Amino acid sequence: MHRIIRNIRVMDPSDGFDAVTDLAVAGGRIVARGMLPPDFTAGEVLDGTGLIACPGFIETSFQAHTPGHGRDGDLASELRAAVAGGVTQVLLRPDTLPMADIPAVLQEQRILADRLALANVHLSGALTTQLQGTALTEMAGLAAAGAIAFSQAKEPVLSAALLRLALSYAADLGLPVLLHGEEPELAANGVMHEGRLSIRLGLSGRPAAAEQIGVQRDIAIAALSGCPIHFPHLSIAAAVAEVVAARQRGEPVTCGVSIHHLLLTEQDIGFFNLHAKILPPLRAVAERDALRHAIAMGAITAISSDHNPWGVDREGMTFTQAPFGIAAVEWLLPLALRLVDEGVLDLMTVLHLLSVGPAQALGLPVPSLAVGATADFCIFDPDSCFTVETGRQWSRGRNLPYGQWELRGRVQYTLVAGRMVFRG
């Protein structure tokens, strides 16, 4: 359908464009940004007064439990949550059930994603069999089945020699690798940040040093192959500093951070709040503030929701038993706007971190609202305020620590290749 969005503020972080103008969409692409072609007729005209259009967001860590048992959500429910949040591209994590370590699983994911026709779904293949870090998958077969990247989800590769071999194969295939940088013996299955609070609560701690050491090791090994690597969810400034140092040496290393590590701290665990259990764990206030400084300085290039839904049957578990994860993809934009309201980042930078940065990390085309670009974008009302009500989201996940938060920035429309896939 041909569409015109009139009198809308267009913010395009790919080229810095920021102006109130008109957008025209036809044939799945943007055909005008500003003056419309004289012979252009539209099947739908939207009034964009007071609204903002920006490139659709890209989620680099998306758990949809497909394949899986379905109790915690599936690709259909979680993609609906994604497009409701203005996300137009997602990278599926490989830690499904069964895991995405053979081509047949990726083929199943592709068939279902094409049938749903919601967000653009990108596939990642497991780097090692069963993500156990002891044997490589058939990486060439996974690439042939559609993997655009290899990933270890939230598991490190135990063997340095095996990681070197894996990164060499990935480099030959021309695909990036997403790594979970952590020294596993030091992490020792801790369930929260190691510190005074973990001691007071009697919970096993996960020291920050485990992440720093793991990232140091992975960067050093990656330098031997030249393979692009991305750490999608760092949680400490010291690990980010390792990435910055590698980039200054000319190495293809990038990093992202979850929105949760920029907004929450270990204090949000309170008295065993299962919804604040995430990996890597929420850190101390000083660490969160250091991450905010790092992202403001440009050291971090992507923000993720690190979407990982769990259903209501997890509620009866203890904090130690409960799985890691937060389900917040549909609130990614309004949560990120908290950083604007608190003076950490400006709006254009936030939009860059949600779209351009993730695309560059994954080797995807940079999303744009320029004429000729694919019409993947979202339209949101920056002044629309609301209260987060748990149980009323599109996702089937109930592990959301933001209940009753006052947020602003409601997504009104999401378009993928010019198709309207969400109306608020």
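The values are calculated or read from the model by the stated rules, or taken from the named source; none is laboratory data. All values derive from a computational prediction rather than experimental measurement. A quick note on method: Cβ atoms are made from the backbone with ideal geometry, for glycine too, and the neighbour counts reach across all protein chains shown. Please note that ligands, DNA and RNA were not included when accessible areas were found on the heavy atoms of the full protein model with its side chains. Shrake-Rupley method; radii C 1.70, N 1.55, O 1.52, S 1.80 Å.
For the reader, a short list of remarks on this structure follows.
- Summed side-chain charge close to T21 - residues other than T21 whose Cβ falls under 15 Å, Lys, Arg +1, Asp, Glu -1: -1
- Over 20 Å [Cα-Cα, the stretch 233-327], rounded percent: 40
- Within the shell defined by Cβ-Cβ distances under 14 Å, the residues around A209 carry a net charge of -4, with Lys and Arg each +1 and Asp and Glu each -1.
- Cα long-axis angle, helix 103-116 against the chain (0 to 90 degrees, to the nearest 10): 30
- Simple rule: put +1 on each Lys or Arg Cβ and -1 on each Asp or Glu Cβ in the chain, find the dipole, and look at H307, A286, M11; the Cα lying farthest toward the positive end is H307.
- For trypsin sites (Lys or Arg not before Pro), the sites in the stretch 352-407 that DSSP calls loop and that have at most 13 other Cβ atoms within 10 Å are R392.
- Structure-derived volume of the Cα convex hull per residue in Å³ - corresponding label in (1) 128; (2) 174; (3) 342: (1)
- Solvent accessible area, Å² - D39, 1.4 Å probe, full protein context: 130
- Charging the Cβ of each Asp and Glu at -1 and of each Lys and Arg at +1, and nothing else, the dipole of the stretch 171-285 about its Cα centre rounds to 280 debye.
- The chain - percent of accessible surface contributed by carbon and sulfur, probe 1.4 Å: 53
- Computed with a 1.4 Å probe over protein heavy atoms only, the accessible area of C255 comes to about 0 Å².
- Contact order, relative form, for the stretch 61-163: 26 percent (alpha carbon pairs under 8 Å, 6 or more residues apart, mean separation divided by residue count).
- Counting only Cβ charges, +1 for Lys and Arg and -1 for Asp and Glu, the dipole size of the chain around its Cα centre is about 260 debye.
- Loop trypsin sites (Lys or Arg not before Pro), the stretch 12-108 (other Cβ atoms within 10 Å of the site Cβ: 15 or fewer; DSSP): R71
- With a Förster radius of 25 Å applied to the C-beta separation of T387 and F17, the computed FRET efficiency comes to 0.15.
- Between Q267 and N7, the modelled label-to-label distance comes to 4.4 nm, taking each label 7 Å out from Cα in the direction of the beta carbon.
- Placing +1 on each Lys and Arg Cβ and -1 on each Asp and Glu Cβ, with no other charges, gives the stretch 1-133 a dipole about its Cα centre of roughly 140 debye.
- Alpha-carbon centroids, the stretch 295-352 and the stretch 144-199: separation in whole Å: 20
- Over the chain, accessible surface divided per residue gives 37 Å², non-protein components excluded, 1.4 Å probe.
- For the chain, adding -39500 (n - 2.57) for each run of n ≥ 4 DSSP H residues and dividing by the number of residues yields -8500 deg cm²/dmol at 222 nm.
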